[in-house]
1. Hey, can you tell me all the residues within the stretch 196-221 that are at pLDDT 95 or above, out of contact with any Leu (no Cβ under 8 Å at 6 or more places or on another chain) and of a type outside the set (A, V, I, L, M, F, W, C)?
2. Which of (1) modelled with pLDDT of 90 or more; (2) out of contact with any Gly (no Cβ under 8 Å at 6 or more places or on another chain); (3) surrounded by 17 or more Cβ atoms within 10 Å (Cβ to Cβ) is the odd one out, the single condition residue 52 does not satisfy?
3. Does residue 216 qualify as being of a type outside the set (Val, Ile, Thr) and free of Cβ contacts under 8 Å to residues at least 40 places away in the same chain?
4. For the stretch 80-158, which fully contained helices (runs of 4 or more DSSP H) count at least 2 residues that are modelled with pLDDT under 90?
5. Can you confirm whether the stretch 213-236 contains a residue that is acidic (Asp, Glu), out of contact with any Cys (no Cβ under 7 Å at 6 or more places or on another chain) and surrounded by 15 or more Cβ atoms within 10 Å (Cβ to Cβ)?
Amino acid sequence: QPMNSYSNGYDQHVGAQVSGSEVYSSRPDRRLQRQRSDTLPSPSTSSPDQDDAEESSAPPRYLPMRGQSLKPSDEFTTVPGRLSLLGSASKYVVTIGEIQRRLSPPECLNASLLGGVLRKAKARNGGTDLRRALEDIGLHLPPGRRKAAGTSMLTSLVEEEARSLASQFNNICGKMFPTAELASAVCRQHMNQPHAAAHAEERQHAIKHAMQLTNELGEQIQAYLDQEEADRDGDSGNFPGLRQFSLITHSFGVLVVQGVLQVFQGYLRNLLKTTSGIVIRDHALQHQSVGGGMHRKSHSDHAQGGVKQRR
């Protein structure tokens with residue numbers, strides 16, 4: 001049977017150590033057949049997780065080249081997501097601006113950690129290729145340990161995946177968190193206490209005040225997010241602390257805090273609705289009590305007047 005070039009090369013290599021009759025005979029030795037079949041490449045049947053492992057060890061692919069006019073929003077590379085299930089892995093774009101942010105405070109990643117974030121830690125000459133690619137975009141990564149902040153699980157996420165995680169978390173909280181159920185449970189707990197109706201109106205004013213404070217905090221966070229969206233690498237303005245928090249969590253932290261505030265506002269709205277119902281019922285009972293007393297007094301006066309007339 002005809003043999004491909006890969007087999008011929010293998011046979012020539014083996015023929016230097018094994019006699020020709022064992023290799024080229026009409027009935028070749030079974031051990032050589034098994035060895036040759038183990039050496040030959042098999043058809044590609046790789047799964048997504050195998051593709052991911054191969055990509056981690058493949059040479060890095062970085063888009064910027066020398067002489068190009070580059071912007072922070074330009075793509076530097078793409079990385080597979082770390083939080084996706086097998087078979088549904090998404091790839092996320094890493095921009096030049098994100099690389100600049102990861103190399104700057106508060107993270108100050110070194111070459112080893114940055115290569116891990118970009119999923120190129122296992123690549124041959126990955127560190128050298130990464131430094132060369134950074135030089136192509138005008139960034140110099142000095143050797144040695146330069147990590148400024150402690151690493152966390154968020155360190156392994158790129159910004160696009162972190163924002164996607166925050167968005168999905170906020171959507172689930174908005175749809176599934178039982179704000180009305182919890183508000184009703186809290187109101188029932190207070191209704192069983194003495195003088196609950198008398199304190200309901202006071203609690204109503206306190207809830208309105210809490211809603212105002214929460215709304216003001218949400219407006220400040222939204223103002224920062226609008227500013228960050230307009231210029232991610234610009235001046236932090238009046239929000240240096242939020243800027244640091246956003247950088248260390250890659251936008252995940254600020255977006256999640258905003259989503260939690262929205263959930264808390266929903267809880268306060270349901271709590272106010274339930275408490276207002278208690279106040280309305282209390283006022284209605286008081287009105288009925290006063291009306292009933294006046295009716296009984298009028299009936300008594302009418303009865304007394306009839307007695308006087310009979311006399």
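1. 209, 212, 215, 216, 219, 220
2. (1)
3. yes
4. Output list reads 111-117, 126-136.
5. So far as the stretch 213-236 goes, yes, one or more of its residues are acidic (Asp, Glu), out of contact with any Cys (no Cβ under 7 Å at 6 or more places or on another chain) and surrounded by 15 or more Cβ atoms within 10 Å (Cβ to Cβ).
Yes/no per residue for (1) within 19 Å of the chain's Cα centre (by Cα); (2) farther than 20 Å from residue 152 by Cβ:
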{"residue": "74", "(1), (2)": "no, yes"}
{"residue": "77", "(1), (2)": "no, yes"}
{"residue": "90", "(1), (2)": "yes, yes"}
{"residue": "96", "(1), (2)": "no, yes"}
{"residue": "110", "(1), (2)": "no, no"}
{"residue": "113", "(1), (2)": "no, no"}
{"residue": "130", "(1), (2)": "no, yes"}
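The values are calculated or read from the model by the stated rules, or taken from the named source; none is laboratory data. No experiment lies behind these values; they were computed from the predicted model shown. Because the Cβ atoms are built from the backbone with ideal geometry, glycine has one as well, and the counts that use them run over all protein chains shown.
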